[in-house]
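Nothing in this text is a laboratory measurement; each read-out follows from the coordinates by a stated rule. Quantities reported herein were computed from a predicted structural model and do not represent experimental measurements. Every residue, glycine among them, receives a Cβ derived from its backbone with ideal geometry; neighbour counts consider all protein chains shown.
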Amino acid sequence: MKIHEYQAKDILRRFNVAVPKGRPVFTPEDAVRVAKEELGGSVWVVKAQIHAGGRGKGGGVKVAKSLHEVYEFSKAMLGMKLVTHQTGPEGRIVKRLLIEQGINIDKELYIGITLDRAISKNVLMASTEGGMEIEKVAEETPEKIIKEAIDPMLGLRPNQARKIAFALGLSGIQHKNAVAFLLALYKAYDQTDASLAEINPLVVTKEGDVMALDAKMNFDDNALFRHKDIAEFRDIDEEDPLEVEASRYNLNYVKLDGNVGCMVNGAGLAMATMDIIKLAGGEPANFLDVGGGANKETVANGFKIILSDPNVKAILINIFGGIVRCDRVAEGVISAAKEINISLPIVVRLEGTNAVEARTMLQNSGLSLIPASTLADAADKITRVLAQNETVSA
Amino acid sequence: MSILVDKKTRLVVQGITGSEGSFHTKQMVEYKTKVVAGVTPGKGGTDYEGIPIFNTVKDAVDATKANTSVIFVPASFAADAILEAADAGIKVIICITEGIPAADMIPVYHYLKTKNAILIGPNCPGVISPGKAKIGIMPGFIHKEGRVGVISRSGTLTYEAVKQLTDLGIGQSTCVGIGGDPVIGSRFIDIIKLFNEDPDTDGIVMIGEIGGSAEEEAAEYIKKNVKKPVVGFIAGQTAPPGRRMGHAGAIISGGKGTAAEKMAALKKAGIKVVKSPADLGITMKKALDAYYKKV
């Protein structure tokens, strides 16, 4: 799960990780009040809160040198469509801002903690190239990234934190504060079941403070059951409405931009089915895993979600019935298709237990369902359906 | 022969009285897997369909000489169940449970290395050596005894590949679902090593997916060590970056872990990479025919 920057900073504060003073606001008036009464000073930063990076380049981060500017920037930002390299061309509507005190920056660094799957350990990554896209640094100048693997039994040790702070070129009070920062950050990452804690940039001030100017935290969905407070940070405004709807039915759905909808049991087979659609000349409109129990209800809900996407011109159902019996799934498909009255062509491929019976049922249903036997056959039939579509529209 | 499980497998089912555990125990027994014990804390002394239930894995091992465990316990207790099996001396532990927090699995992974135990999963369909033993939730009837090893990160996509092989008359030595999570007990490379050393496995089908770099790691090993034909597929060629495709591990992050990258690495290692999952069976058939002519 992703959360907003201001929420991540709230969590970090709880673990004594240094962050600038700031507060989330929803109106320009509130922004001015927070700047004047709660933060004080003469420089403030207005930051758009969306679940995507690259906000600065898109105009989502501004430094205000007067309360008037705080008001103007906030007014312009709230409700604006912010497009960054991570949002895609459709962008995101800004609904919340973070107003922060201005910081007297000396150096900008990078710190990230995440799981390294190759060694099954968390790693702390650090770089002097703060404020840049770390993927680019990793690609162009990998020597500028320092990595330290964290032993799961011991956690991040002070000597590791000291080593990293020295490697970042820090000394004196800056070094001491950086070590405290790293140890606190790891504690926050570890105790919240985070899957990513990224501080980019980590800033060192002229006064020697070390603090998180930006903060990004992602969390392991599988562990949210033991972090009710973090689960409450979910902002469904940042998610696709269809995906939110699908999650209510326990369907695993990801919306894509194509024209062929698909409904599959199992994540791997669902990805493979998307690939088949592409090879057949179509573009997948979604990823949809209906999970282990493909019954009448899940199939009907799946249809509803797929059909709410106006780009869908055809549907491919691909169910491998292992424990699930195909004739039961066929029953579900037929009754759902009748109920919803679908006019789009539907290719149905049911394989596994009782597949032959299932195919006969589909054929005799009176519905214009197109049964397919193998994966290759399904691909072939999707190609034909798409070709027919084109002739009709031409 | 086969790898990991066979006729000598004596299975203990952890979580045997739960709905998943009891259902699949029946299925495994029907396949003639030797299920010798079940474990449900507090239900020791009772039985399920004639299979004795114990309070701890240790009790089960002492009483029944169980040597393999399959785990169906809920996600919040599953990591501990794996540790319990390892402490009781079980050497092959297969964890079906889905949704275990990654932070729970990291120490388990490293602890098991010190115990010399092999963990398959979590979040996996299990392991089957057709005609010998079925440990997990896969449908037994699509399999056929034979000489091709199958390894995959997914469930139903593995069944798809197996069905294609069986339909072409190609049997399997062992099929292993290693699971779709970021932290898993055994990776591609671990299982491919076993297949390579197994004299009764002549070819390997590996089915990867986007995310991580385990396929690339295995490709390096294959290039150096494997003479048997290997056919590969990577699911998620059309998946967009940054979006998790069902499996917690199936995500392209920071531009890494794309299907294109993995397919290129596999090809470079001499693996026959198919673009379409529909071609897995037929490609293996051709590769095997050529291999048998050479040998």
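Computed on the Cα atoms alone, the convex hull of the protein assembly as shown gives a volume of 167 cubic angstrom per residue. Mind checking Rg over Rh on chain B, alpha carbons, Kirkwood formula for Rh? That ratio is 0.97, to two decimals. Once you order the gyration tensor axes a ≥ b ≥ c over the Cα atoms, which shape class does the range A:60-106 get: rounded for a/c under 1.5, otherwise prolate or oblate by comparing a/b with b/c? It comes out oblate by the Cα gyration axes. Label the range A:86-227 by shape, choosing from rounded, prolate and oblate, from the square roots a ≥ b ≥ c of the eigenvalues of the Cα gyration tensor; if a/c is under 1.5 it is rounded, and otherwise prolate applies when a/b is larger than b/c, oblate when it is not. Since a/c stays below 1.5, the shape of the range A:86-227 is classed as rounded. For the protein assembly as shown, the mean residue ellipticity at 222 nm estimated from helices alone is -11000 deg cm²/dmol, where every DSSP H run of n ≥ 4 contributes -39500 (n - 2.57) and the total is divided by all residues, rounded to the nearest 500.
Each 10 Å bin from zero up to the one holding the largest Cα-Cα distance in the range A:195-320 carries the following percent of pairs: 12, 32, 26, 17, 8, 4, 1. Its Cα gyration tensor gives chain A an equivalent ellipsoid, and the semi-axes of that ellipsoid, as √(5λ) in whole Å with the largest first, are 49, 25, 18.
Each Cα pair under 8 Å and six or more residues apart adds its sequence gap; the mean of these over the residue count of chain B is a relative contact order of 14 percent. Distance from the Cα centroid of the range B:242-295 to that of the range A:221-277 is 25 Å (rounded to whole angstrom). Cross-link partners for A:LYS278 among the aspartates and glutamates, with Cα-Cα distance under 20 Å and sequence neighbours closer than 8 places in the same chain left out: A:ASP257, A:ASP289, A:ASP309, A:ASP377, A:ASP380, A:GLU390, B:GLU160, B:GLU209, B:GLU261, B:ASP279. Would you mind checking the tilt of helix B:75-87 against the longest principal axis of the Cα atoms of chain B, expressed as 0 to 90 degrees and rounded to 10? Around 80 degrees separate the two axes. Across chain A, Cα pairs under 8 Å and at least six residues apart give a relative contact order of 12 percent.
Other residues within the sphere of radius under 13 Å centred on the Cβ of A:GLU5, judged by their own Cβ, net out at +2 (K and R +1, D and E -1). Remark: the range A:92-228 carries a charge dipole of roughly 380 debye about the Cα centre, counting +1 on each Lys and Arg Cβ and -1 on each Asp and Glu Cβ. Charged neighbours of B:VAL230, selected by a Cβ distance under 12 Å, balance to +3 (K, R count +1; D, E count -1). Within the range A:216-259, which GluC sites (Glu not before Pro) sit in a loop by DSSP and count at most 12 neighbouring Cβ atoms inside 10 Å? The qualifying sites are A:GLU232. For the range B:14-77, the Cα-based Rg and Dmax, in that order, read 10.7, 31 Å. Bridging of B:LYS8 to lysines at a Cα separation below 24 Å is possible for B:LYS26, B:LYS32, B:LYS34, B:LYS58, B:LYS65, B:LYS91, B:LYS113, B:LYS115, B:LYS132, B:LYS134, B:LYS144, B:LYS193, once same-chain residues fewer than 8 apart are set aside.
Between helix B:156-167 and chain B there is an angle of about 70 degrees, using the helix long axis and the longest principal axis of the Cα atoms.
In the range A:136-219 the Cα-Cα distances spread across 5 Å bins starting at 0 as 3, 13, 21, 26, 22, 12, 3, 0 percent of all pairs. Please give every one of the lysines within straight-line cross-link reach of A:LYS36, meaning a C-alpha to C-alpha distance under 21 Å, and leave out same-chain neighbours fewer than 8 residues apart. Result set, ordered by chain and number: A:LYS9, A:LYS21, A:LYS47, A:LYS62, A:LYS65, A:LYS75.
Against the longest principal axis of chain A, how steep is helix A:67-77, in degrees 0 to 90 to the nearest 10, with axes from Cα atoms? Helix A:67-77 sits at roughly 10 degrees to that axis. Per-residue mean of foreign Cβ neighbours for B:270-277 is 3 (Cβ atoms of other chains, 10 Å radius).
Let a ≥ b ≥ c be the square roots of the eigenvalues of the Cα gyration tensor of the range A:269-394; is it rounded (a/c under 1.5), or, if not, prolate (a/b larger than b/c) or oblate?
On the way: a/c = 1.42, a/b = 1.34, b/c = 1.06.
Because its axes are fairly even, with a/c under 1.5, the range A:269-394 counts as rounded.
The trypsin sites (Lys or Arg not before Pro) of the range B:1-41 that meet both conditions, a loop assignment by DSSP and at most 15 other Cβ atoms within 10 Å of the site Cβ, are B:LYS7, B:LYS8, B:LYS32. Using only Cα atoms, locate the centre of the range A:361-379 and the centre of the range A:53-113, then give the distance between them in Å, rounded to an integer. Computed from Cα coordinates, the inter-centre distance equals 52 Å.
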